[in-house]
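The structure appears right after this line, and notes come after that.
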Amino acid sequence: MASVSRVARRKDAGRWPRMSSTFWAMVLLTALLVLYCGQLAAGTCEIVTLDRDSSQPRRTIARQTARCACKKGQIAGTTRARPACVDAGIVRKKQWCEMVPCLEDEGCDLLVNKSGWTCTQPGGRVKTTTAL
């Protein structure tokens, strides 16, 4: 009587192909790489969406969404016109200009109701930002 191999006796033997250990190592490494790359380093931010509306003359409305991985005591904010992690107390007190949201050559002023700030360029152009 001829011996039947162990694989041939299994009911699901035809359905699952044999894969080498190298294949499974590559699958595991790829999964780890995808997981690692999806995470932000602590204290960093990235822009997720950026929408611009220039339908009104002499006015552009821009909305951006950022994803941040802030350290304890920090919250997502703006520094030098880029998303950044800032001290949570600045946002809590609405002292927006303390997070230095404007570029180096621009001046920062709080809006009257503290709902945001303006950045004034040397030529007089004003950029207004309101926090949601």
Report task. Find all pairs meeting these conditions: Cβ atoms under 8 angstrom apart; at least six residues apart or on different chains; first residue within the range 108-132 and in contact (Cβ under 8 Å) with a residue 12 or more places away in the chain and in a loop (DSSP other than H, G, I, E, B); second residue of a type in the set (Asp, Glu) and open to solvent by less than 80 Å² (accessible area, probe 1.4 Å). Result -> 121/106; 122/106
Report summary line: Of the residues in the range 73-132, those that are of a type in the set (D, E, K, R), surrounded by fewer than 14 Cβ atoms within 10 Å (Cβ to Cβ) and either more than 17 Å from residue 46 (Cα to Cα) or at pLDDT 90 or above (or both) come to 92, 93, 104, 105, 114, 125
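Yes or no, residue by residue, for (1) part of a loop (DSSP other than H, G, I, E, B); (2) closer than 22 Å to residue 125 by Cα; (3) charged (D, E, K, R):
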{"residue": "66", "(1), (2), (3)": "no, no, no"}
{"residue": "71", "(1), (2), (3)": "yes, no, yes"}
{"residue": "77", "(1), (2), (3)": "no, no, no"}
{"residue": "83", "(1), (2), (3)": "no, yes, no"}
{"residue": "86", "(1), (2), (3)": "no, no, no"}
{"residue": "90", "(1), (2), (3)": "no, no, no"}
{"residue": "98", "(1), (2), (3)": "no, yes, yes"}
{"residue": "103", "(1), (2), (3)": "yes, yes, no"}
Report summary line: If you go through 30, 22, the only one that is out of contact with any strand residue (DSSP E or B) (no Cβ under 7 Å at 6 or more places or on another chain), surrounded by 10 or more Cβ atoms within 10 Å (Cβ to Cβ), of a type in the set (Val, Ile, Thr) and modelled with pLDDT under 75 is 30
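The values are calculated or read from the model by the stated rules, or taken from the named source; none is laboratory data. Computed from a prediction, not measured in an experiment: that's the story for all the values here. Quick reminder, even Gly has a Cβ in these numbers, built from the backbone with ideal geometry, and neighbours come from all protein chains shown. Just so you know, the surface numbers come from the protein's heavy atoms only, side chains and all, with ligands and any DNA or RNA stripped out. Shrake-Rupley method; radii C 1.70, N 1.55, O 1.52, S 1.80 Å.
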